[in-house]
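Scroll down for the structure; my scribbles are underneath it.
The values are calculated or read from the model by the stated rules, or taken from the named source; none is laboratory data. None of these values were measured; they are calculated from a predicted model. Virtual Cβ from ideal backbone geometry, glycine too; neighbours counted across all protein chains shown.
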Amino acid sequence: MAQVIKTRKPLATQPIKSGQPLGAILASLGIERCIPLIHGAQGCSAFAKIFFIQHFNEPIPLQSTAMDPITTVMGSDDNIIQALAHLCEKSNPRLVVLMSSGLSEAQGSDMNRALKAFRLQYPKFERNEIVTVSTPDFYGSLENGYSALIESMISQLVPEQKLRSIRKKRINLLLSHMLTPGDIELIRQYVEAFGLQPILVPDISRSMDGHLAKPDYLAVSQGGTDVNMLRQLGQSSLTLVVGPSMQRAGQILNSRSGVESVYFPHLMTLAEMDRFIQTLQQLSDRQVPEWIDRQRGQVTDTMIDTHTWVNDTRIAIGAEADLLVAWLAFAESVGMQPVSVVAPVNQPCLATLPVDTVLIGDLEDLQDQLAEKGCDVLLANSHGAVMSEQLGLPLMRIGFPIFDRFGEFRRVRQGYAGMRDNLFEIANYQQQACHGRPVYHSPLKQPFAQAPMAEEVLA
């Protein structure tokens, strides 16, 4: 059990944390024809949009209700009604995610009341689904906002049913924010290889994977999970939950529709991946495809090849709780040693981490610890680049945002393929660091007489 320690600093100068609205926006982008709408000032959406554009290198559909000082004091229901009417009229979204901000939460705005008024005033937009979710900036982090939206979509879109029709080949996958578009694409391939039909919630592998869509630009997300499929989550035979933050969403779905769930904290160790594949095998009653066996064999071979370099590698990590759970389990499975662990906010799963202490703080706290302890590899988002340069450490970029490397947003980190590539990357960091060191010469080296040249011997 890890001891969770909170920093006593009055100010975070290099925060790891991203606000709850960013998590809700990220989850929204995995739904087909969706528009996230922030109930707050224009700056609330502008700054969020910058992070997402830098991370994905794609245009991001995001709007705000444009609260100003007058509406902040006098009431902002009209802002919500007008914004919803405008979006439904101009963009015809399949789903609008109406989320709060720190400003609207501090005001005490009742978004559900405004939504009821909108439905009465504009009955012609009844086909446009609207989901509300509370995501205050001053509490929690990206992980909380992401999971809150998934829970709200299940609570507001999935009908309660006692008797349900079961589609035996269909399964649900509730996916944590720690999964990249590449991870989700690989997970879909695993599931479909067994003849099963997955409903991925959310599915950013179809919308934020860096593809060129047919239309030049749409003000809604292109690709992702269809809203009709969200309504049918209760008809699936099983739910696979990936990530600690998704557990509650799985429980809500079970209570509403009776769909049982199987929990996976991550897919970054052989034990969890084997259990994942075995679950799919039992559901489908099929043999494991040859290409999946081959991927597993590649991982085990990579473990042997990189063991000398990876074993006893000292790592430091600053990230959201789900990422900490996954990466520390991976580190433990391959013999790496975590020397410093920092999380942005406290989450229940942090107490279960296989380390002595977890510090709730920022990147400055992480840097202070590394100045004393040192490490071999640093794991953090792109905000850790300055620290890695100052300390002379290689930075393995994980989490959100990543804005200083092309393609990192969709790199595969989970599954057999992800484990293999992670091992290669860490081993290369270690090998490069070793080759940069001067050759060791013993001070006890004795001078030996030089062997005669060949010409001298012949003479």
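Quick notes on this structure:
- Segment 333-346 residues that are closer than 10 Å to Ser141 by Cβ, paired with ones that are among the small types (Gly, Ala, Ser) and assigned to a loop (DSSP other than H, G, I, E, B) (beta carbon under 7 Å, 6 or more apart): Pro344/Ser141; Val345/Gly140; Val345/Ser141
- Segment 84-102, subset surrounded by fewer than 23 Cβ atoms within 10 Å (Cβ to Cβ) and in a helix (DSSP H, G or I), residue nearest to the chain's Cα centre (by Cα): Gly102
- Inter-residue pairs, beta-carbon under 6 Å, first at pLDDT below 95 and in segment 86-114, second among the aromatic types (Phe, Trp, Tyr), 6+ apart: Gly102/Phe138
- Filtered by the rule that a residue be part of a strand (DSSP E or B) and either farther than 25 Å from Ala271 by Cα or without any contact (Cβ under 8 Å) to a residue 12 or more places away in the chain (or both), segment 358-377 gives Leu359, Ile360.
- Of all the listed residues (Ser237, Ser165), the sole one being in a loop (DSSP other than H, G, I, E, B) and among the small types (Gly, Ala, Ser) is Ser165.
- If you go through segment 121-137 and pick out every residue that is farther than 18 Å from Ser76 by Cβ and surrounded by fewer than 15 Cβ atoms within 10 Å (Cβ to Cβ), you end up with 4.
- Each residue in segment 54-83 was checked for being in a helix (DSSP H, G or I) and touching a Pro at 6+ places or on another chain (Cβ under 8 Å), and 2 of them qualify.
- Of residues in segment 30-45 being surrounded by fewer than 24 Cβ atoms within 10 Å (Cβ to Cβ) and small (Gly, Ala, Ser), the one nearest to Leu115 (Cα to Cα): Ala41
- Restricting Arg256, Arg206 to those that are at pLDDT below 95 and over 23 Å from the mean Cα position of the chain (by Cα) reduces the list to Arg256.
- Entirely in segment 248-339, the helices (runs of 4 or more DSSP H) that have 2 or more residues that are within 23 Å of Ile402 (Cβ to Cβ) and in the same structural domain as Glu372 (by TED's automatic domain parsing): 321-334
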